[in-house]
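To keep things clear, I will list the structure first and then write my remarks on it.
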Amino acid sequence: MATEEQIDESLDGVLVPGVMRSLAHMNLVRSTRVTNSKVDISIASAALMPETQDQLKQKIAEAVTKLDGVSEVRVSFTDEKPKDLNEIKNVIAVMSGKGGVGKSLVTGLTAIALRRRGYEVGILDADITGPSIPRMFGMNARPAGSDTGLLPVPSRSGIEVMSINLLLPGEDEAVIWRGPLIGRAITQFWEEVLWGKLDYMIVDLPPGTADAPLTVLQTLPISGIIIVFTPQDLTAMVVRKAVNMARQMKKPILGVVENMSYFYVPEIDKKIEIFGKSRGEEMSRAASAPFLGKLPIDPELARLCDEGQIERYDAEIVTRLGEALSGPAAQIT
């Protein structure tokens, strides 16, 4: 007779349509019971359309009946809310006091770095009025879901993404909302999207220290913050405001990343600091956090982002981000 462990193992091979992650990774399996040769399996119905439930019922029956001693498989669905099913170990916010410094870029590269190390990763795009994550990842599919919730959209490498741009009629549509509506949208992305089990959630914050960042820092269980800046003195001054906000909110700063640090000219083998001397060590001291690395002005990276191919980018900074946030020295686990 099949054991519950064998049944759970077989269910791990059943993928949820729309996200292509297993029932186990989406945390949808509520219970399994074996009575003689009959198996009863309870699945949460959160964010699943009726036709999706029918597909899963068939897939589950096909997978489990292959086990020795199983004569019948009965699948039932229970009403659950996504927020009661989501299990996210680490939530990392990417922040800066100023716009245009590359928060979305660092968000994307951080998610890619962790995904390449084998972790289950999601991106919550909290920049409601200026979302750019879907374009970087070449995503235009609308999220599937039901009246009980939404399913995130997977990237090519399996990073789960939710962004307002995936819900708009077109990516050029403007979101003209006041602060409370923006805050509500961010909360809904956290509570009403079925993320399932994730090792890391990377949150792309909008610039500044007002409503939207405040909503994230107060509502989400932030494990730590990555601060992004560029070398200009004005930017450094504004970013210090974000550092102070993180401290006032008692959120640990995991590290700082300098973007647009230099431009490398291969013909003369020289790095030109277009925006001035690097302030990496200075900002590291100001934030009392590690300096995670420099991002150059890289035409290849810009091209890949424009073409929706950011996941193909491979550089030292990606490796460093992955090591810093997941290695033995990391402050979060």
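Tabulated results
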{"quantity": "Between helix 179-191 and the chain: long-axis angle, C-alpha atoms, 0 to 90°, nearest 10", "calculated": "50"}
{"quantity": "Value of Rg/Rh across the range 1-57 [Cα atoms, Kirkwood radius]", "calculated": "0.97"}
{"quantity": "Long pairs among 241/270; 241/277; 241/271; 81/250, criterion Cα-Cα beyond 27 Å", "calculated": "241/270; 241/271; 81/250"}
{"quantity": "The range 84-326, dipole about Cα centre (Lys/Arg Cβ +1, Asp/Glu Cβ -1), debye to the nearest 20", "calculated": "760"}
{"quantity": "Cα gyration tensor, the range 147-200 - rounded (a/c under 1.5), prolate or oblate", "calculated": "oblate"}
{"quantity": "Packing-based order for 118-127, 24-33, 302-311, using average beta carbon neighbours within 10 Å, highest first", "calculated": "118-127, 24-33, 302-311"}
{"quantity": "Residue of 297, 225, 133 that the Gaussian network model of the chain assigns the largest fluctuation, springs spanning Cα pairs under 10 Å", "calculated": "297"}
{"quantity": "Under-5 Å amide H pairs with residue 49, H placed in peptide plane, nonlocal only", "calculated": "145"}
{"quantity": "Geometric extent, Cα atoms of the range 235-298 - Rg, Dmax (angstrom)", "calculated": "13.7, 47"}
{"quantity": "Dipole magnitude of the range 1-69 about its Cα centre (Cβ charges: Lys, Arg +1; Asp, Glu -1), debye to nearest 20", "calculated": "160"}
{"quantity": "Between helix 233-248 and the chain: long-axis angle, C-alpha atoms, 0 to 90°, nearest 10", "calculated": "40"}
{"quantity": "Convex hull (Cα only) mean projected area of the chain, reported in nm² to one decimal", "calculated": "18.5"}
{"quantity": "37 °C / 0.692 mPa s Stokes-Einstein diffusion coefficient of the range 193-304, Kirkwood radius on C-alpha pairs, µm²/s", "calculated": "211"}
{"quantity": "Helix-only CD estimate at 222 nm, as mean residue ellipticity for the chain, using -39500 (n - 2.57) per DSSP H run (n ≥ 4)", "calculated": "-9500 deg cm²/dmol"}
{"quantity": "Entries in 89/197; 89/294; 83/197 that, when Cα-Cα distance is taken, lie over 19 Å", "calculated": "89/294"}
{"quantity": "log₁₀ of I(q)/I(0) at q = 0.17 Å⁻¹ - the range 169-235, Debye sum with one point per alpha carbon", "calculated": "-0.80"}
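Quick note: the coordinates plus some simple rules give every number you see, no bench work behind them. Keep in mind that what you see is a predicted model, and the values were worked out from it rather than measured. Here Cβ is always computed from backbone atoms with ideal geometry, including for glycine, and neighbour counts include all displayed protein chains.
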